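Below you'll find the structure, written out as structure tokens, and then a few comments.
The values are calculated or read from the model by the stated rules, or taken from the named source; none is laboratory data. Bear in mind the structure is a predicted one, so any value in this text is a computation, not a measurement. Heads up, the Cβs are rebuilt from the backbone with ideal geometry, glycines too, and the neighbour counts pull from every protein chain shown. Surface areas here come from the heavy atoms of the whole protein model, side chains and all, with no ligands, DNA or RNA. Shrake-Rupley method; radii C 1.70, N 1.55, O 1.52, S 1.80 Å.
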Amino acid sequence: EDKVVQSPLSLVVHEGDTVTLNCSYEVTNFRSLLWYKQEKKAPTFLFMLTSSGIEKKSGRLSSILDKKELFSILNITATQTGDSAVYLCALYTGNQFYFGTGTSLTVIP
Amino acid sequence: NAGVTQTPKFQVLKTGQSMTLQCAQDMNHEYMSWYRQDPGMGLRLIHYSVGAGITDQGEVPNGYNVSRSTTEDFPLRLLSAAPSQTSVYFCASSYWGGTNEQFFGPGTRLTVL
């Protein structure tokens, strides 16, 4: 059974749209939840969340964790073509990282 | 500071051949890990290590061996390659303990015929 489930699997939007990517999980005892962006190469780090309800922001991207409802969301506002990528969510339990299958985002000009 | 390096970038093997994928990091990270990434499957952990001399299995360890003789290096060995091992392999490293951001290598694309 998958420990980390991401939705939607894929998404196509137009430039300027706002998107919300979801990550739900079943592991309750974990140290952190991480978001990565992958563009045809190695994943690159976006955010690390450890506390529920505290929003992390970086430019047009933001993310929040809800430990009670067991999910996290990644928001991207005013999307650009450079945001096209696969976005991965991962849980770190202290020994292992568990990754979701990712959401493939395509931004059309 | 080179970060995490992997060699080779590409490799083609015949069924039954053996090979070693190399991974090195220069950030003095205790934790190192190997993942494989297949279409629609996300990243799956093969083996990991929390320090020199210490290794453990991840989700999909069968057909792979690892060792960790130094902090810097974490090679992955395929003893007898099978077509099911065709995949992209990523090595990653991080500090151990705490909350941990992982740094990934550029990946090795392996094809087993």
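Give, to the nearest whole percent, the P(r) tail of chain A beyond 25 angstrom, counting all Cα pairs.
Percent of Cα pairs beyond 25 Å in chain A: 15.
Using only Cα atoms, locate the centre of the range B:43-111 and the centre of the range A:44-109, then give the distance between them in Å, rounded to an integer.
Between the Cα centre of the range B:43-111 and that of the range A:44-109, the gap is 24 Å.
To the nearest 20 debye, what is the magnitude of the charge dipole of the range A:11-89 about its Cα centre, counting +1 on the Cβ of each Lys and Arg and -1 on the Cβ of each Asp and Glu?
300
Using θ = phi - 60° and the Karplus curve 6.51 cos²θ - 1.76 cosθ + 1.60, what whole-Hz ³J(HN,Hα) does each residue of the range A:59-71 get, with Gly and Pro shown as x?
Using θ = phi - 60°, the values come out as x, 7, 9, 8, 8, 9, 10, 10, 6, 6, 8, 6, 7 Hz.
Of all the accessible heavy-atom surface of chain A, with the other protein chains kept in place and a 1.4 Å probe, what percent is carbon and sulfur?
Using a 1.4 Å probe with all protein chains present, chain A comes out at 48 percent carbon and sulfur.
Leaving out ligands, DNA and RNA but keeping every protein chain, what accessible area does A:S51 have, in Å² rounded to the nearest 10, with a 1.4 Å probe?
For A:S51, the solvent-accessible surface is approximately 50 Å².
Which are the unpartnered cysteines of the protein assembly as shown, meaning those with no other cysteine Cβ under 4.7 Å from their Cβ?
None - each cysteine has a disulfide-compatible partner (Cβ-Cβ under 4.7 Å) in the protein assembly as shown.
Using each residue's phi in the range B:82-89, evaluate 6.51 cos²θ - 1.76 cosθ + 1.60 at θ = phi - 60° and report the 3J(HN,Hα) Karplus result to the nearest Hz, with x for Gly and Pro.
10, x, 5, 8, 5, 5, 9, 10
Over both sides of the B-A contact, add up the buried accessible area with a 1.4 Å probe and give it to the nearest 100 Å².
Approximately 1700 Å² gets buried when B meets A.
Counting only other chains, what is the mean number of Cβ atoms within 10 angstrom of the Cβ of each residue in peptide A:97-103?
Mean inter-chain Cβ contacts per residue within 10 Å come to 6.
Solvent-accessible area of A:D66, probe 1.4 Å, all protein chains present, reported in Å² to the nearest ten, please.
40
Put a dot 7 Å past each Cα toward the Cβ at A:S104 and A:D17; how far apart are the dots in nm?
It works out to 1.5 nm between the two label points.
How would the range A:30-73 be classified by its alpha-carbon gyration tensor: rounded, prolate or oblate, with rounded meaning a/c under 1.5 and the a/b versus b/c comparison settling the rest?
prolate
Compare B:K14, A:K37 by solvent-accessible area with a 1.4 Å probe and give them largest first, with all protein chains kept in place.
The most accessible residue leads, giving B:K14, A:K37.
For the protein assembly as shown, report the translational diffusion coefficient in µm²/s to the nearest whole number, using Stokes-Einstein at 25 °C, 0.890 mPa s, and a Kirkwood Rh over Cα pairs.
After rounding, the answer is 136 µm²/s.
A:G102's amide H: which non-local residues (gap 5+, or another chain) put their own amide H closer than 5 Å, with H modeled 1.01 Å from N in plane and none for Pro or chain starts?
Answer set, sorted by chain and number: A:Q6, A:C89.
Magnitude of the Cβ-charge dipole of chain B, K/R +1 and D/E -1, about the Cα centre, nearest 20 debye?
460
Across the range B:103-113, in residue order, what do the Karplus-derived ³J(HN,Hα) couplings come to in whole Hz, using 6.51 cos²θ - 1.76 cosθ + 1.60 with θ = phi - 60° and x for Gly and Pro?
10, 9, x, x, x, 10, 8, 10, 10, 10, 8
Using a 1.4 Å probe, what is the accessible area per residue for chain B, in Å²?
Averaged over the residues of chain B, the accessible area is 45 Å².
Select from the range A:24-43 all residues whose loss of accessible area on going from the chain by itself to the full protein assembly reaches 20 Å² or more (probe 1.4 Å).
Checking the loss per residue gives A:R31, A:Y36, A:Q38, A:A42, A:P43.
Over 31 Å between Cα atoms: which of A:K41/B:K14; A:K3/A:K40; A:K67/B:K9; A:K3/B:K14; A:K37/B:K9 fall into that group?
In this structure, A:K67/B:K9; A:K3/B:K14 exceed 31 Å between Cα atoms.
I want the antiparallel fraction of DSSP beta bridges within chain A, as a percent rounded to 5.
Here the share of antiparallel DSSP bridges comes out near 90 percent.
Apply 1/(1 + (r/R0)^6) to the Cβ-Cβ distance of A:E69 and B:S84, taking R0 = 41 Å, and write down the FRET efficiency to the nearest 0.05.
With a Förster radius of 41 Å, E is 0.65.
Heavy atoms only, probe 1.4 angstrom, no DNA, RNA or ligands counted: give me B:M27, B:M41 ranked by accessible area, highest first.
The residues order as B:M41, B:M27, largest area first.
For chain B, which whole-number percentage of the solvent-accessible area (1.4 Å probe, protein heavy atoms only) is attributable to carbon and sulfur atoms?
53
Can you give the net charge of the other residues whose Cβ lies under 10 Å from the Cβ of B:R44, counting K and R as +1 and D and E as -1?
-1
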